Amino acid sequence: MAEIKKEFLTQIEKERNCIHEPVEASYTVFEKNGKKYFQIDTYGSSSRQHKHKISQSIQFDEETALFLIRTISK
């Protein structure tokens, strides 16, 4: 699991970009210690042995989620 904070995000330019295979995912919005969080859980590819086991969890606080929305909207 990882919490991604705006102040630790760095933009880089890559020579090669690719679109990854779509996977099942779920999200939740929750509050902890008075702060809102958005969490995405991914469940791995269809070829994975344990298909319904969480592969990755990524959390964003409200400030970072809003930063991502503004960035992709530009």
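The values are calculated or read from the model by the stated rules, or taken from the named source; none is laboratory data. Please read all numbers here as calculations on a predicted model, not as lab measurements. Heads up, the Cβs are rebuilt from the backbone with ideal geometry, glycines too, and the neighbour counts pull from every protein chain shown. These area figures cover heavy atoms from the full protein model, side chains too; ligands, DNA and RNA do not enter into them. Shrake-Rupley method; radii C 1.70, N 1.55, O 1.52, S 1.80 Å.
Computed values, structure above
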quantity	calculated
Neighbours by Cβ (under 9 Å, 6+ apart or cross-chain): first from region 59-74, closer than 18 Å to Glu3 by Cβ; second of a type in the set (S, T, N, Q) and surrounded by 10 or more Cβ atoms within 10 Å (Cβ to Cβ)	Gln59/Gln39; Phe60/Gln39
Complete set of residues in region 1-36 that are under 11 Å from Asp61 (Cβ atoms) and touching a residue at least 12 places away in the same chain (Cβ under 8 Å)	Glu3, Ile4, Lys5, Lys6, Lys35, Lys36
Among (1) open to solvent by less than 70 Å² (accessible area, probe 1.4 Å); (2) part of a loop (DSSP other than H, G, I, E, B), the one test that Ser57 misses	(2)
Yes/no for Ile54 being β-branched (Val, Ile, Thr) and at pLDDT 95 or above	no
Residue list for region 26-42, restricted to those being modelled with pLDDT of 95 or more and open to solvent by less than 100 Å² (accessible area, probe 1.4 Å)	Ser26, Thr28, Val29, Phe30, Gly34, Lys35, Tyr37, Phe38, Gln39, Ile40, Asp41
Index of the failed condition, Ser45 passing every other in (1) open to solvent by 60 Å² or more (accessible area, probe 1.4 Å); (2) touching an Asp or Glu at 6+ places or on another chain (Cβ under 9 Å)	(1)
Those residues of region 4-25 which are open to solvent by 100 Å² or more (accessible area, probe 1.4 Å) and of a type in the set (Lys, Arg), in sequence order	Lys14, Arg16
